[in-house]
1. Given only helices, namely DSSP H runs of n ≥ 4 each adding -39500 (n - 2.57), what is the per-residue ellipticity at 222 nm of the chain, to the nearest 500 deg cm²/dmol?
2. How much length is gained on full extension from residue 155 to residue 119, taking 0.36 nm per residue of separation minus their Cα-Cα distance?
3. Report Rg(Cα)/(2.2 N^0.38 Å) for segment 171-300, keeping two decimals.
4. Take the alpha-carbon centre of segment 207-256, take the same for segment 259-281, and report the distance between them in whole Å.
5. Which percent, to the nearest 5, of DSSP beta bridges fully inside the chain are antiparallel?
6. So what is the relative contact order for the chain, in percent, with contacts set as C-alpha pairs under 8 Å and at least six apart?
7. Evaluate 2.2 N^0.38 Å with N set to the residue count of the chain, then give the Cα radius of gyration divided by it.
8. Please state, rounded to one decimal and in Å, the Kirkwood hydrodynamic radius that segment 86-245 gives when every pair of distinct Cα atoms enters the mean of 1/r.
Amino acid sequence: MSDFLLNPQEGREPLQASFSDAANPLGLDGIEFIEYATSKPQALGQVLEMMGFRPVARHRSREVLLYRQGGLNVVVNANPVDAKGAGHGSEVPSISAMALRVRDARAAYHYVLERGAWSVPTHAEVMELNIPAIHGAGGSRIYFVDRYKDFSIYDVDFVPIPSVDQHPPATAGIHFFGVVQYIGPERSNDWIAFYEELFGTELIPDEQRFGIMPKGTLLRTPALDPSQRFMLQLIEPELHVVDADERLQRIGLGVPDVLEAVKALRALGVEFVETQAAHTEQRGAISKTYLGSVVFELVHSEKE
């Protein structure tokens, strides 16, 4: 059993009766947002705007900004405590959280606690939602959100920026494809067990690959809407690599036409890696690394 699946029994509540779907026990329905923590929000904002995102709302009480394009939400958290903690003292931005859409956030939270997830205490301020969360890779958080349709979490916690389109279109059909996670040496089995046990993920055969980055283990999540399924890619370090820190490393973005997407993003100023080992092709492309840590991977993906 993975050491991520350990949690004392005290303080747990009974399982909710709403879980009857064995293939999707949480009622997962995709990614609601990805959060970056940074002490330099303006610099990160410039990178996101190059990628087609637009700032649409500000948090009511914290130094947090919401960026959006199409169905993608990216939260930039510059709250000093959060930025310092997520970066472990580093100045570079880091992916500090991902929020998962679920059928019932409270029930999903208690479901994963029953299976050993570690809870993250949350401290909502006045007029803020208390969004349940558990610990993820490298001190990141995994939130559970069930308000993502007509009435969303942003209607409570954020104030729209005046005169800004709240739903800017996606550049070249960009949508969430997945998240790449760096893990420690020989930790693949631990993380596979973690995600299978808690989220009901399925292991993708090694011969089935996506994009241009061939390494790692692929897991696919279930979803109420099949078009909202996403991938988790687990990558162990090479034997000679010193950096073995576990973390959420980059976002994978699906596009129906990689070459057209690269053309559109280059027009916005994005640079892509062009080497013999990794270069733009119809299967995928990878951006250069910005601000020391921020990189985006494009993957050929048709919305189902």
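1. Theoretical 222 nm ellipticity from helices: -5000 deg cm²/dmol.
2. Gain in length upon complete extension: 10.4 nm.
3. Taking the Cα Rg and dividing by 2.2 N^0.38 Å, one obtains 1.07.
4. Each part reduced to its Cα centre gives a spacing of 19 Å.
5. Details: 43 of 62 bridges.
Among the beta bridges of the chain, antiparallel pairing accounts for roughly 70 percent.
6. Numbers: 685 pairs, mean separation 63.3, N = 304.
After rounding, I find 21 percent.
7. Relative to the 2.2 N^0.38 Å estimate, the chain comes out at 0.96.
8. Hydrodynamic radius (Kirkwood, Cα pairs) of segment 86-245 is 18.0 Å.
Here, each number is a calculation from the coordinates, and none is a lab measurement. On a predicted model such as this, the values are computed, not experimentally measured, just so you know.
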